[in-house]
1. Anything in region 39-57 that is part of a helix (DSSP H, G or I) and either more than 16 Å from the chain's Cα centre (by Cα) or among the aromatic types (Phe, Trp, Tyr) (or both)? List them, or say none.
2. Please count how many residues of region 7-38 are closer than 20 Å to ALA50 by Cβ and hydrophobic (A, V, I, L, M, F, W, C).
3. Can you find a residue in region 24-34 that is of a type in the set (A, V, I, L, M, F, W, C) and under 16 Å from LEU69 (Cβ atoms)?
4. Does TYR19 satisfy being touching a Leu at 6+ places or on another chain (Cβ under 7 Å), surrounded by 13 or more Cβ atoms within 10 Å (Cβ to Cβ), assigned to a helix (DSSP H, G or I) and not aliphatic (A, V, I, L, M)?
5. Here are the criteria: (1) of a type in the set (Val, Ile, Thr); (2) free of Cβ contacts under 8 Å to residues at least 12 places away in the same chain; (3) not in a helix (DSSP H, G or I). Tell me which single one VAL36 does not satisfy.
Amino acid sequence: MDYTLLQTSELAEIFSDYYKDVHGIRPRWVDHTDRVGLIARLTALDDYMAYMRSSPEGRELLREDGWVLE
């Protein structure tokens with residue numbers, strides 16, 4: 001996803017939801033007005049999910065956490 005096309009408020013909402021989906025808690029300590037920081041954090045979450053999907057063990061852990069993988 002090209003996060004640069006989104007408004008800062010949209011980035012903050014997506015990041016908060018995505019982080020909660022991945023880690024089970026909302027990231028209340030994150031500055032939701034820092035556009036560059038939000039994009040970097042979203043990209044890091046994307047990278048983490050790609051890493052987890054790259055191995056059978058990672059995919060199994062994701063499935064155990066309730067993720068539906070193709």
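Just so you know, all these numbers are worked out from the coordinates, no wet-lab data involved. This is a predicted model, so every value here is computed, not measured. For neighbour counting, all protein chains shown are included, and Cβ atoms are generated from backbone atoms with ideal geometry for every residue, glycine included.
1. Taking region 39-57 first, the residues part of a helix (DSSP H, G or I) are 39-53, 56-57.
Passing the criteria: TYR48, TYR51, PRO56, GLU57.
2. The total comes to 5.
3. No: zero hits.
4. On the way: touching a Leu at 6+ places or on another chain (Cβ under 7 Å): yes; surrounded by 13 or more Cβ atoms within 10 Å (Cβ to Cβ): yes; assigned to a helix (DSSP H, G or I): yes; not aliphatic (A, V, I, L, M): yes.
When the stated conditions are applied, TYR19 passes them.
5. With (1) of a type in the set (Val, Ile, Thr); (2) free of Cβ contacts under 8 Å to residues at least 12 places away in the same chain; (3) not in a helix (DSSP H, G or I) applied to VAL36, the lone miss is (3).
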